[in-house]
Amino acid sequence: MAGFLLFNGELLAQAGFTLALPNRGLAFGDGFFETLIFADGHLRYAAAHFDRMRAAADALHLALPAAFATPIALAATLASLAAANHRPAARLRVQLWRAGGGRYAPPTDAAEWLATAEAFEPDESPITHADFALLTTTLASPLSFCKGPQAWLYVRAAHERQQRNLAEIILCDAAGHVAEVGAAAVFWVKAGQLFTPALASGCVAGIRRATILAAAQRLGIASHEGLFLPADLLAADAVFTANVAALRPVQRVGTTTFALPDPALLAALR
């Protein structure tokens, strides 16, 4: 089935679509992207996604287009794309980059954007075998909280995951602190308390990460953000990953096997 995309607010067929040059996103990585889920008739976590997009735009000195100027506008824009593609459940990607050409000096704060939709098929199956990355570390920076500017890190990590035949890979920072997995936040449970790496580790400020921490606070579950070593994670009772698509238990990291998290806990944190 031929699909549709939104380019600067215009609904176009994906087939035959091309981007004109110059393109600062291609040339300099001068932009960011956001991955979102539309399901059950609404855009999940619209306000949180809007906040992260606004923060990324501010960090890059970009103006958010009108289509994303408020959480309501963001939700309406992407709901229309899901509907055009006849997707009651859709995985959406919004890519923003600075308009114009030039070299490093920004010629404008105006942004161009592209939104695409594909089928969303949630996968909450356990991750059978993860391990710590050997070749790539995270890099804390003014832009490490958002998606896009440091995507090469995750491409390298995914390549290593494939080469080592792992189901998931865990990234640490240059000092050896646990940061995140390839495309999700990592959490672990120890003695009924919840732990996750701090943003100072260079991890992405995940939308699901923030909602889990907020849910834990509401439920009175002690939660800790910090700079933790791999030994801290390996001493956990249970480990799971979290992104907007799913929460997934981790069965094994290296040679250490974990019990599955309490299903009632995961349900409460969703």
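Since every read-out is calculated from the coordinates, none of them should be taken as a lab result. These numbers were taken from a predicted model, which means no experiment stands behind them. When we count neighbours, we look across all protein chains shown, and the Cβ atoms used for this are built from the backbone with ideal geometry, even at glycine.
Some notes on this structure:
- Candidates 72, 264, 216 compared by Cα position along the dipole of the chain: farthest toward the positive end lies 72, with charges placed on Cβ.
- For the chain, the longest principal axis of the Cα atoms and the long axis of helix 207-219 meet at an angle of about 50 degrees.
- Taking the centroid of alpha carbons for each part, the stretch 76-122 and the stretch 8-31 are 10 Å apart.
- Potential lengthening of the chain between residue 214 and residue 40 amounts to 60.4 nm, from the contour at 0.36 nm per residue minus the alpha-carbon distance.
- The stretch 4-119 shape via C-alpha gyration tensor axes, a/c threshold 1.5: oblate
- For the stretch 130-269, share of DSSP beta bridges that run antiparallel, in % to the nearest 5: 65
- Calculated FRET efficiency, residue 55 to residue 103, Cβ-Cβ distance, R0 = 35 Å: about 0.85 to the nearest 0.05.
- Protection proxy ranking for 19-31, 144-156, using the average of other Cβ atoms within 10 Å per residue and placing the highest first: 144-156, 19-31.
- Given R0 = 25 Å, the distance between the Cβ atoms of residue 234 and residue 123 translates into a calculated FRET efficiency of 0.50.
- 17 Å cut-off, amide nitrogen to a point 7 angstrom out along residue 262 Cα→Cβ, residues in the stretch 219-235: 219-224
- Global geometry of the chain, whether rounded, prolate or oblate, following the gyration tensor of its Cα atoms and the 1.5 cut on a/c: prolate
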